[in-house]
1. Please note which strands (runs of 3 or more DSSP E) are completely contained in segment 17-75 and include at least 1 residues that are modelled with pLDDT under 95 and open to solvent by less than 20 Å² (accessible area, probe 1.4 Å).
2. Starting from segment 85-100, keep only residues that are in a loop (DSSP other than H, G, I, E, B), then list their pairs with residues that are open to solvent by 60 Å² or more (accessible area, probe 1.4 Å) whose Cβ atoms are within a distance under 6 Å, requiring at least 6 positions of separation or different chains.
3. With the requirement that a residue be among the hydrophobic types (A, V, I, L, M, F, W, C) and either surrounded by fewer than 18 Cβ atoms within 10 Å (Cβ to Cβ) or assigned to a loop (DSSP other than H, G, I, E, B) (or both), what does segment 129-163 give you?
4. Only one of ALA123, ALA89 is under 25 Å from THR37 (Cα atoms) and among the hydrophobic types (A, V, I, L, M, F, W, C); which?
5. So, in segment 2-16, exactly how many residues are open to solvent by 10 Å² or more (accessible area, probe 1.4 Å) and modelled with pLDDT of 95 or more?
Amino acid sequence: SEEAKVRWVSLVLIAPRKAVEQLVAQAANVYLTFINTEQEVIISGDKAACQHIAQQLACPVIEIPFQNVIHQDFCKKEEVGWLDMHHFATTDQPNIAFFSSISQSRIQVDSQTIAQNSVDVCAQQVDFPKTVKKVYQAGARIFVELGANSTCTNWISSNLKGKPHLAVSINQKGKNDA
């Protein structure tokens, strides 16, 4: 809505996680919603308060062009609707381990588990470094990203810097997916 655009913002901050955490802890209506790397995070919340944090950090900032009002516990109020929205049939059990970014553990590939995990993700902060490190500890060394622009591939490489691994993206900017 227009009101949301005026009042709410999500900002990617290229800044040390710990510095951002300290400022968010002092701010009202600002949430650290994503930790992508130890040097890249996303804050969401009151527009003026988020912009003030970015100014205090004097760091590179990218404003996300939509109002991402999720990844905080206030989303639990809509749990039934979220669960219904994320519930879909599964047919096969692939021979691959799937991990939850919330529990940092393996999850079953069944309709209810995936739906509940999706709901849980909507109501909590996403700590990507923690998840990547848990998956790595579980034995993963090859990471294949299906998403656009190698974003997660770059985060994986940053989070596993100095450790043997291969992170590749199927979708590459400027190249046909076929």
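1. Details: elements: 30-37, 40-46, 61-63.
Fully inside segment 17-75 and qualifying: 30-37, 40-46.
2. From segment 85-100, the pairs are ALA97/ARG106.
3. Matches in segment 129-163: ALA138, ALA140, ILE142, VAL144, LEU146, ALA148, LEU160.
4. Values: ALA89 fails: under 25 Å from THR37 (Cα atoms).
Among ALA123, ALA89, only ALA123 is under 25 Å from THR37 (Cα atoms) and among the hydrophobic types (A, V, I, L, M, F, W, C).
5. Narrowing segment 2-16 to residues open to solvent by 10 Å² or more (accessible area, probe 1.4 Å): 2-8, 12, 14, 16.
With the extra rule that they be modelled with pLDDT of 95 or more, the set shrinks to 12, 14, 16.
So the count comes out to 3.
The values are calculated or read from the model by the stated rules, or taken from the named source; none is laboratory data. Being a predicted model, the structure only gives us computed values, none of them experimental. Positions of Cβ are backbone-derived with ideal geometry, glycine not excepted, and every protein chain shown enters the neighbour counts. Protein only, heavy atoms only, side chains kept; ligands, DNA and RNA dropped before computing areas. Shrake-Rupley method; radii C 1.70, N 1.55, O 1.52, S 1.80 Å.
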